[in-house]
Amino acid sequence: MKAENNKAFKPQVEPTERGFSLIEVMISMAILVIGLLSLLGVFGIAMASTQGSQENNTAKQLANEAMEGILTARETANINWAAINNTGSGGIFIGGFLPINCAGVDGIIGTADDAACGPQTLELPGPNGVFAGNCPAAGPDTCLPLTNFTRQIQILPVVPNGGGPPIATLRQVIITIQYTTPQLKIPRQYIVSTFISPFR
């Protein structure tokens, strides 16, 4: 009986387990390295986008500022309908890309007297987080020159879809801000467009 019991409880020998071969390890390491490199590339793009966000926001504000100036001049009757045009069409707004200057004596951005006013600067709060209002003079605020930006104001006649003469009481205003981000050095544009009429 004892002999039969020993046979019944005899441990079975498992087959030898295989390990990873060198080729399998090399392939898995190559896949891991490719995955990590692509992940690092995504992080690089995200960092570049984040660092260029200040320029993007500045371009947006400069375009909106010019557009609001034109619409306000129309609303307050500061200028007449004929003057809301580029200089080549008998208006007061200079065409082409120009440096970012502050509004001149007339208070309207994009006209001939802006050059006399001088370059516009972006004022950021100083270390205490409070605006002191001292740009362009030196002081606690940070004054950034906008030399990296140019602005174009286009005022175009609106032609009906079927063709024919332009609509006399409607014009399209296109504000384009052109700039480069410091990291990528690639020219970028921010465009704002609207329609304007003489009716207030």
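The values are calculated or read from the model by the stated rules, or taken from the named source; none is laboratory data. Keep in mind it's a predicted model, so treat the numbers as computed, not measured. Here the Cβ is made from the backbone with ideal geometry for all residues, glycine too, and neighbour counts use every protein chain on show.
Computed values, structure above
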read-out: In region 159-187, residue surrounded by the fewest Cβ atoms within 10 Å (Cβ to Cβ) [restricted to those that are at pLDDT below 90 and not in a loop (DSSP other than H, G, I, E, B)]; value: Pro187
read-out: Odd one out for Phe199 among (1) loosely packed, with under 13 Cβ neighbours inside 10 Å; (2) of a type in the set (Phe, Trp, Tyr); (3) farther than 13 Å from Trp81 by Cα; value: (3)
read-out: Residues satisfying the stated conditions in region 107-131, i.e. in a loop (DSSP other than H, G, I, E, B), modelled with pLDDT under 85 and not polar (S, T, N, Q); value: Pro125, Gly126, Pro127, Gly129, Val130, Phe131
read-out: Subset of region 83-106 (residues that are of a type outside the set (A, V, I, L, M, F, W, C), part of a strand (DSSP E or B) and over 15 Å from Arg171 (Cβ atoms)); value: Pro99, Asn101
read-out: Answer residue from region 61-82, given it is among the charged types (D, E, K, R) and closer than 18 Å to Ile174 by Cβ and is surrounded by the fewest Cβ atoms within 10 Å (Cβ to Cβ) among those; value: Glu68
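Residues checked against (1) of a type in the set (Asp, Glu); (2) over 19 Å from Tyr179 (Cβ atoms); (3) without any contact (Cβ under 8 Å) to a residue 24 or more places away in the chain; (4) part of a helix (DSSP H, G or I):
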position: Gly41; (1), (2), (3), (4): no, yes, yes, yes
position: Glu55; (1), (2), (3), (4): yes, no, no, yes
position: Ala59; (1), (2), (3), (4): no, no, no, yes
position: Glu68; (1), (2), (3), (4): yes, yes, yes, yes
